[in-house]
1. Using only protein heavy atoms and a 1.4 Å probe, how much accessible area in total is buried between B and A, to the nearest 100 Å²?
2. Sorted by average packing, counted as other Cβ atoms within 10 angstrom per residue and highest first, what order do A:73-83, B:49-59 take?
3. Take peptide A:100-113, look around each residue's Cβ out to 10 angstrom, count Cβ atoms belonging to other protein chains, and average those counts.
4. Using a 10 Å cut-off on Cβ to Cβ distances, tally the other chain neighbours for every residue of B:122-129 and report the average as a whole number.
5. State, as an integer percentage, the relative contact order of the stretch B:151-227 based on alpha-carbon contacts under 8 Å between residues 6 or more apart.
6. What percent does the relative contact order of the stretch B:26-143 come to when contacts are Cα pairs within less than 8 Å and at least six residues apart?
7. For B:K59, which lysines qualify as cross-link partners when the Cα separation must be under 24 Å and same-chain residues fewer than eight apart are set aside?
8. Assuming a viscosity of 0.692 mPa s and a temperature of 37 °C, what translational diffusion coefficient in µm² per second does Stokes-Einstein assign to the stretch A:152-226, Rh being the Kirkwood radius over Cα pairs?
Number of protein chains: 2
Amino acid sequence: MFRQSNLGERLDSAVSCLSPAGSAPFAALVALEQIGGRRSYQQDEEIYGELDPADCWYKVVSGTVRICKLLADGRRHIAEFCFAGDCFGIDLGRERLFSAEAVGDVTVMRFPRGATERLIDEQPELARHICDMALRSLAHAQSRMLLLGRMTASERVAHFLLELAERRDARRFVDVPMSRNDIGDYLGLTIETVCRVLSSFRREGTIAIPTPHRIELCDRDALEAAGEG
Amino acid sequence: MFRQSNLGERLDSAVSCLSPAGSAPFAALVALEQIGGRRSYQQDEEIYGELDPADCWYKVVSGTVRICKLLADGRRHIAEFCFAGDCFGIDLGRERLFSAEAVGDVTVMRFPRGATERLIDEQPELARHICDMALRSLAHAQSRMLLLGRMTASERVAHFLLELAERRDARRFVDVPMSRNDIGDYLGLTIETVCRVLSSFRREGTIAIPTPHRIELCDRDALEAAGEG
DNA sequence: ATGCCGCCTTGATCCAGGTCAACCGCTGCT
DNA sequence: AGCAGCGGTTGACCTGGATCAAGGCGGCAT
């Protein structure tokens, strides 16, 4: 639908972190690059917090970002992980509803909202592209709702590993930049349950865990079977 | 941001069922109405099924629609309920990932996808409006993920009642067109748990249940407290 | 090197919500 | 009227995953 751009990076995401269609029109993307500024964050540094003004959006250059929310009683929910090429922080309201934090060291491009809206007015194709990304994210959010609402712990973890492998273009060895705690909060499980499921997959020979942050998919079929009834 | 339209109906939704911003530009909406056709469905009739071609989208005129997915083993997940004014079936792919069914008797407007895309090309403002709707739905999907991933049964049901009241503009008496089963599949609970939580709210005087499909919110504060820690 | 600290892993126990089952009450059919 | 069927409600019991607790292990500072 859209002409292939040579900027190379995808405009991925999901819920205020939009997922990639094809590529946006070349001219629009070049113009976008003009208004963005580069910025880096250390491990666990906050990129923005809940209730901060939502006056800009971001694209991950390198590293991993988590989009999350903390409830009053300490429960935490991670809405999304964003990897290199993914966009996040595209919100409608004036204030952030979620916070964004660096999982490891992270570099991002930062785009002011005002300039982007002006750009959209000049280049209507851009609106269509963002619309596309939003709809794609919506579909992703849908499948996550299904996962959170109706899937068992094993199904969630299997699904997570496969998603991770796909999004990071990994065939056999997947590196897992986030902590077990982060995984738990992303999947609606506790850290202990995540560990136990991973261990049981390992015992069954489905995966190997050379280090906690590197997982080998030994039997992808078994994983896919575990990921969906 | 957008001029108020006098078409009266909102373009609501969430995940392939988009939520309302303000109103789209008048001219664009008038043009939209031109290409739509009206159609009615009986209770539990399928409007479209999974894997059907996604060649059109819909707007609810009257009644309630459920957007859902059935897993192989019979587990069902309801992604969204759509009420009068809400849009649904705006998908990116060629095939439906979810099905849409009439909760009760339903009347919808049906819009061909091709004609809509041509209209968007002519009226770029429309793309921006759809983008807006998609982002709004994304925010809604986010909060549902939090609910499904991290909230207790009581919190889910309280949240559901408040959401229902708000979306249907009800102050004290909320009518509940869907079955307990539908509610369970929407909230990631069983029918029995939904019943039990409703009964416990009733026992505490938070709500009254004159009929199964009509609920009185007697103590909204208590409900709001139950809906969020 | 050594000791501390944070993250991961594993085991033991608990409980919220699922499962199974009975029954109620309404509706529609004979 | 009588009865069958279906959705809703309630009770008894079970279980998957949470919670609580105890190490293990690697990295880093002293």
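1. Roughly 4000 Å² of accessible surface disappears when B and A pair.
2. Working: A:73-83: 19.9, B:49-59: 16.8.
Ranked from most to least packed, the peptides come out as A:73-83, B:49-59.
3. Working: counts 0, 0, 0, 0, 0, 0, 0, 0, 0, 0, 0, 0, 0, 0.
Per residue, the average neighbour count from other chains is 0.
4. Numbers: counts 0, 1, 8, 3, 4, 10, 9, 2.
Partner-chain Cβ atoms within 10 Å, mean over residues of B:122-129: 5.
5. Details: 91 pairs, mean separation 30.1, N = 77.
With pairs under 8 Å counted, the relative contact order is 39 percent.
6. Details: 214 pairs, mean separation 43.2, N = 118.
About 37 percent, as a whole number.
7. Once the sequence-local lysines are set aside, what remains near B:K59 is B:K69.
8. Working: Rh = 12.0 Å.
Approximately 274 µm²/s, per Stokes-Einstein.
The values are calculated or read from the model by the stated rules, or taken from the named source; none is laboratory data. From a predicted model like this one, the values you see are computed outputs, not experimental measurements. Cβ coordinates were reconstructed from backbone atoms using ideal geometry, including for glycine residues, and neighbour counts include every protein chain displayed. The protein model used for the area step is the full one, side chains on, heavy atoms only, and it has no ligands, DNA or RNA in it. Shrake-Rupley method; radii C 1.70, N 1.55, O 1.52, S 1.80 Å.
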